[in-house]
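**Student:** If you scroll down you'll find the structure; I have some questions about it.
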Amino acid sequence: MVFLKGFSDNYGKLLNYVGGEYVEADTDRFLQSYDPGLGKVVAEVPVSSKRDVENAISNALEAFSKWSNIPLIERIQYLIKLRMLIEEKREELALMLAQNVGKTIREGRGEIQRTLEAIDSALGVPHMFMTVRKLMNIARGEPEIDMEMVREPLGVFAIISPFNFPIMIPMWFIPMAITLGNTVIVKPSELDPVPITYFMKFFKDAGYPDGVVNLVNGDSSTSQLLIEHKNIVGVVFVGSTPVAEKVYSQACSKGKRALCQAGAKNPVVLMPDAAPEQSIDNIVSGFFDMAGQRCLAPGLLIMVGEAYDKFIDMLLDRVRKVKVGYQLLEETDTGPLVTKKAKERVVGMIEKALNQGAKALLDGRTYKVGEKYSEGFYLGPTVLDNVSPDMEIAREEVFGPVMPIVRASTFDEALEIANSRDYGNTGTIYTSSGKYAREFARRMNAGNIAINMAVAQPNQFFPFPGRKKSFYGVLHGQTDALDFFTDRKVIMQRWW
Ligand code: NAD
């Protein structure tokens with residue numbers, strides 16, 4: 001198996017990981033996965049069939065009956081081994097992520113760091129479990145009656161993930177889900193599934209029992225088979241809003257629990273009193289790192305009052321310095337978009353904005369990378385001025401290296417624009433005024449608030465909330481995992 005040997009320029013036909021073994025998918029449908037910086041195919045991705053999905057579910061279900069009865073303290077030991085194995089391969093994994101997603105190696109390293117933090121967080125599960133409650137002698141009666149609440153794992157969960165963090169996002173959930181006693185089936189994005197498919201070997205090498213963690217490659221049809229299956233008890237989905245909406249309603253209508261993290265349009269309010277250099281530097285990396293392909297990336301810059309005249313030249317100078325290039329070169333600041341189609345979509349959104357009256361202060365469509373990379377899906381940073389808050393480019397997620405700028409006369413007007421987006425992942429303010437910062441944090445309707453920080457990613461030990469069209473469900477990711485991946489049971493007892 002080429003891809004199990006690690007980093008390569010061609011991984012051939014990918015396998016699934018089911019019941020503790022890498023297995024061929026029972027399908028003749030394959031999709032192509034690219035190195036987006038070279039525009040070259042690096043893997044053939046099977047679209048797993050109904051037979052593949054049923055086989056994975058029956059393996060996971062069988063594993064669940066044994067795994068859920070292993071003591072928690074023993075289940076934790078596997079995480080420690082898993083963590084050590086990942087540590088050893090940090091750099092290779094970072095390279096593989098960069099190659100397949102198009103993110104830089106630095107960003108790939110960051111993703112692995114976050115992956116390790118997700119494991120660290122799951123190591124704390126016994127402490128979280130201490131919220132179990134027991135009340136003794138709760139009613140007048142002889143003998144006395146005691147009542148207690150315990151938590152139990154539920155069964156097999158499906159984890160459907162997006163392309164932009166192929167390892168980290170499944171790993172936001174896997175350590176918690178399995179340590180709490182469940183088993184899982186991962187359905188990665190079909191755009192870049194090499195890193196997570198390779199990553200499955202760490203579960204095997206860490207000694208996890210067969211069937212505890214499984215992976216089926218495929219597209220939306222594969223996700224659908226999982227969501228609809230009666231033996232899938234819950235669905236975790238991370239991806240775009242239209243799909244999240246659909247997955248959430250589908251899963252809930254089948255009586256399953258669902259946690260769906262979705263798209264965003266994160267507003268950034270820049271006040272005239274913001275610290276100039278630090279703020280501009282931070283805003284530019286927020287918008288353009290990872291070619292803008294992060295759910296927490298800023299999506300709209302709202303410049304308040306004199307902020308425009310004060311900062312615009314500095315901002316453009318800083319953006320001009322962003323080095324777009326092949327993601328595996330250390331000097332690259334930001335890489336290509338994930339696919340040709342993604343690039344065309346972003347170009348289409350820029351063109352529409354220009355037709356509606358926006359003005360390009362910098363036009364990334366003409367950005368040139370070296371001849372060697374001419375087939376890659378690159379787009380330079382684009383800065384659009386004269387944008388009005390109701391244009392599509394100001395309302396919808398671009399998921400590309402585009403900074404639309406709207407102007408507001410006052411803080412209140414800026415807040416009103418920020419709050420009238422349909423999404424509620426994050427909201428950011430740059431200011432040196434504690435009063436405005438506090439007011440923003442209180443009145444901004446988003447799950448995560450950032451003050452003088454571009455990307456508001458909560459640490460694993462905090463919840464990862466989202467509001468409006470950025471999140472579907474009741475329980476959020478990270479710390480709410482304890483509730484999501486367990487069910488409560490109340491036991492009453494008396495003894496004669
Ligand atoms: P996507 O919605 O296109 O795909 C996500 C996953 O859903 C993939 O595995 C895909 O195969 C599957 N899928 C697609 N259509 C489906 C359907 N009809 N039914 C079931 N499954 C289906 O998203 P993407 O382009 O891979 O990722 C980018 C999006 O993800 C952006 O909108 C971004 O904001 C969002 N995202 C959100 C978060 C968050 O935490 N809120 C994190 C990362 C990415």
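The values are calculated or read from the model by the stated rules, or taken from the named source; none is laboratory data. Just so we're clear, the structure is a prediction, and the values are computed from it rather than from any experiment. Virtual Cβ from ideal backbone geometry, glycine too; neighbours counted across all protein chains shown. All accessible areas refer to the heavy atoms of the entire protein, side chains included, with ligands and DNA or RNA removed. Shrake-Rupley method; radii C 1.70, N 1.55, O 1.52, S 1.80 Å.
**Student:** Is it true that some residue in segment 4-17 is assigned to a strand (DSSP E or B) and more than 24 Å from Gln113 (Cβ to Cβ)?
**Tutor:** Pass one, segment 4-17, residues assigned to a strand (DSSP E or B): 13, 16-17.
With the extra rule that they be more than 24 Å from Gln113 (Cβ to Cβ), the set shrinks to 13, 16.
Yes, because at least one residue in segment 4-17 is assigned to a strand (DSSP E or B) and more than 24 Å from Gln113 (Cβ to Cβ).
**Student:** For residues that are near the ligand (Cβ under 8 Å from one of its atoms) and more than 17 Å from the chain's Cα centre (by Cα), tally how many sit in segment 225-247.
**Tutor:** Quick first cut of segment 225-247, residues near the ligand (Cβ under 8 Å from one of its atoms) only: 227, 237-244, 246-247.
Then keep just the ones that are more than 17 Å from the chain's Cα centre (by Cα); that gives 227, 246.
Residues flagged as near the ligand (Cβ under 8 Å from one of its atoms) and more than 17 Å from the chain's Cα centre (by Cα) within segment 225-247 amount to 2.
**Student:** Next question. Looking only at residues that are crowded, with 23+ Cβ neighbours inside 10 Å and of a type outside the set (S, T, N, Q) in segment 204-224, which one is farthest from the chain's Cα centre (by Cα)?
**Tutor:** So the residue we want is Gly211.
**Student:** Let me ask something additional. Could you give me the residue pairs with C-beta distances under 6 Å whose first residue belongs to segment 469-493 and is farther than 14 Å from Phe237 by Cβ, whose second residue is part of a loop (DSSP other than H, G, I, E, B) wherever it lies, and which are 6+ apart or on separate chains?
**Tutor:** These pairs meet every condition: Gln478/Gln460; Asp483/Leu475; Phe485/Leu180; Phe485/Asn182; Thr486/Leu180; Asp487/Leu154.
**Student:** Something else: Of the conditions (1) open to solvent by 70 Å² or more (accessible area, probe 1.4 Å); (2) over 30 Å from Val322 (Cα atoms); (3) more than 15 Å from the ligand (Cβ to nearest atom); (4) not aliphatic (A, V, I, L, M), Thr486 clears all except one; give me its number.
**Tutor:** Just one mismatch for Thr486, condition (1).
**Student:** Would you please list the contacts, defined by Cβ atoms under 6 Å and residues six or more apart or on different chains, that run from a residue in segment 300-312 that is closer than 13 Å to Ala394 by Cα to a residue that is part of a helix (DSSP H, G or I) and not hydroxyl-bearing (Ser, Thr, Tyr)?
**Tutor:** Qualifying pairs under 6 Å: Leu300/Ala394; Ile302/Ala414; Ile302/Ile417.
**Student:** Pairs please, first residue from segment 256-279 and under 19 Å from Phe173 (Cβ atoms), second anywhere and of a type in the set (Ser, Thr, Tyr) and surrounded by fewer than 19 Cβ atoms within 10 Å (Cβ to Cβ), Cβ atoms under 7 Å, 6+ apart in sequence or on different chains.
**Tutor:** Partner pairs satisfying both residue conditions: Ala262/Ser240; Gly263/Ser240.
**Student:** If you check every pair at least six apart or on different chains, which have Cβ atoms under 6 Å apart with a residue in segment 27-53 that is basic (Lys, Arg) first and a residue that is surrounded by fewer than 19 Cβ atoms within 10 Å (Cβ to Cβ) and part of a loop (DSSP other than H, G, I, E, B) second?
**Tutor:** Arg51/Asp26
**Student:** Being near the ligand (Cβ under 9 Å from one of its atoms), open to solvent by 10 Å² or more (accessible area, probe 1.4 Å) and within 20 Å of Thr486 (Cα to Cα) is true for just one of Gln261, Gln250. Which residue is that?
**Tutor:** Values: Gln250 fails: within 20 Å of Thr486 (Cα to Cα).
Every option except Gln261 fails the conditions.
**Student:** Show me the helices (runs of 4 or more DSSP H) entirely contained within segment 36-140 in which 2 or more residues are open to solvent by 50 Å² or more (accessible area, probe 1.4 Å). Give the derivation first.
**Tutor:** Values: elements: 50-67, 72-88, 90-101, 105-122, 125-129.
Answer list for segment 36-140: 50-67, 72-88, 90-101, 105-122.
**Student:** In segment 345-414, which strands (runs of 3 or more DSSP E) lie fully inside it and hold 2 or more residues that are open to solvent by less than 10 Å² (accessible area, probe 1.4 Å)?
**Tutor:** 382-385, 402-408
**Student:** Turning to a different aspect of this structure: Is segment 213-221 home to any residue that is within 14 Å of the ligand (Cβ to nearest atom) and assigned to a helix (DSSP H, G or I)? Give the derivation first.
**Tutor:** Residues of segment 213-221 within 14 Å of the ligand (Cβ to nearest atom): 215-221.
Next cut, assigned to a helix (DSSP H, G or I) only: 220-221.
Yes, that holds for at least one residue.
**Student:** Just the residues that are of a type outside the set (Gly, Ala, Ser), within 13 Å of the ligand (Cβ to nearest atom) and part of a loop (DSSP other than H, G, I, E, B), please, taken from segment 264-275.
**Tutor:** Answer for segment 264-275, where residues must be of a type outside the set (Gly, Ala, Ser), within 13 Å of the ligand (Cβ to nearest atom) and part of a loop (DSSP other than H, G, I, E, B): just Lys265.
**Student:** Also: So if I check each of Leu337, Leu328, which one is closer than 20 Å to Ser33 by Cα and open to solvent by less than 20 Å² (accessible area, probe 1.4 Å)? Spell out the reasoning first.
**Tutor:** Working: Leu328 fails: open to solvent by less than 20 Å² (accessible area, probe 1.4 Å).
Leu337 is the lone residue from the list that is closer than 20 Å to Ser33 by Cα and open to solvent by less than 20 Å² (accessible area, probe 1.4 Å).
**Student:** Right, here's the next one. List pairs: first in segment 313-341 and among the charged types (D, E, K, R), second part of a helix (DSSP H, G or I), Cβ under 6 Å, 6+ apart or cross-chain?
**Tutor:** Arg318/Ile280; Arg318/Val284
**Student:** Determine whether Asn182 is within 15 Å of the ligand (Cβ to nearest atom), open to solvent by less than 10 Å² (accessible area, probe 1.4 Å) and of a type in the set (S, T, N, Q).
**Tutor:** Details: within 15 Å of the ligand (Cβ to nearest atom): no; open to solvent by less than 10 Å² (accessible area, probe 1.4 Å): yes; of a type in the set (S, T, N, Q): yes.
The answer is no for Asn182.
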